[in-house]
1. From the convex hull of the Cα coordinates of the stretch 133-196, what is the mean projected area in square nanometres?
2. Of the labelled options (i) 0.97; (ii) 1.05; (iii) 0.93, which one gives Rg/Rh (Cα atoms, Kirkwood Rh) as computed for this structure?
3. Determine ³J(HN,Hα), in whole Hz, for all residues of the stretch 163-178 in sequence, where each value follows from phi through the Karplus function 6.51 cos²θ - 1.76 cosθ + 1.60 and θ = phi - 60°; x replaces Gly and Pro.
4. Of the accessible area of the stretch 88-196, with the probe set at 1.4 angstrom, what percent is carbon plus sulfur?
5. Based on the Cα gyration tensor of the stretch 63-152, what are the three equivalent ellipsoid semi-axes, each the root of five times an eigenvalue, rounded to whole Å and given largest first?
6. Roll a 1.4 Å probe over the protein chains and send me the accessible area per residue for the chain in Å².
7. Roughly what angle does helix 120-134 make with the longest principal axis of the chain, taking Cα atoms, 0 to 90 degrees, to the nearest 10?
8. Take LEU21, LEU167 and sort them by solvent-accessible surface of the protein heavy atoms, 1.4 Å probe, largest at the top.
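The values are calculated or read from the model by the stated rules, or taken from the named source; none is laboratory data. Just so it is clear, the model here is predicted, and its values are computed rather than measured. Cβ atoms come from the backbone with ideal geometry, glycine included; neighbour counts cover every protein chain shown. Just so you know, the surface numbers come from the protein's heavy atoms only, side chains and all, with ligands and any DNA or RNA stripped out. Shrake-Rupley method; radii C 1.70, N 1.55, O 1.52, S 1.80 Å.
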Amino acid sequence: MKPKLIPARVPWNVSAHAPTLELHLSKDGDVPLFASFIGRFELQDAPSQGVEHHRTYEDPGPFRTVAPGEEGAPYHVIGVRFIGGFRGRLTEAFDEDQVIDESAFDGSSIPGSLLRNETIDQNFARRDRYLRETGLSPDPGFYEVEGSQWVAEVASERTDLHHYIILGLEEYAEVLAEGWEWELGQPVRLTELARN
């Protein structure tokens, strides 16, 4: 049976267009402490209908806690603090088309996954309904791995550890920890250029 990806219940998704995923480890380089990346708040990011845009991001710099009045932007740096971090690693993308080997996981618990016999337009409509009804991202790019082989390999005696995966653009972070919490960081400025 394949390990199952359980999506984090968050209002953002890891931006698929910005290679800013960072995994901060302890000084000895093994214990995961913190991850940061650009998050997209879909409810605040209303694309222009019928116009394809190319987005470029200004370098947001290192994570800093959001200041009063900076909330509500469509893109922010997100910080994820790991509680009881045990192991962490950053790995290059599986191939050009997939950040992780999607065939190695069961993604049926991800509300935004494409269903059998579902068209792309139907998927977008279903994802949009889910987002508007729940306020949660239908596919955040941040998951817990249920049935993780990594936990079994390195800490089989630990029943309190969870395996988390955060998908970046060209790499992904994996963390074994007891838990996590997220924090809103500074807004990210971007430039949109309409394509002809």
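1. Values: hull surface 31.2 nm².
Answer in nm², one decimal: 7.8.
2. Read-out taken from this structure: (i).
3. Each residue's phi maps through the Karplus curve to give 9, 10, 10, 10, 8, x, 8, 10, 7, 9, 9, 10, 9, 9, 7, 6 Hz.
4. Values: 2950 of 6520 Å².
Ligands and nucleic acids excluded, carbon and sulfur give 45 percent.
5. Details: eigenvalues 127, 116, 34 Å².
Its equivalent ellipsoid spans semi-axes of 25, 24, 13 Å.
6. Details: 11370 Å² over 196 residues.
So the chain comes to 58 Å² accessible per residue, rounded to a whole number.
7. With both axes taken from Cα atoms, the answer is about 80 degrees.
8. Working: LEU21 15, LEU167 35 Å².
The ordering from most to least exposed comes out as LEU167, LEU21.
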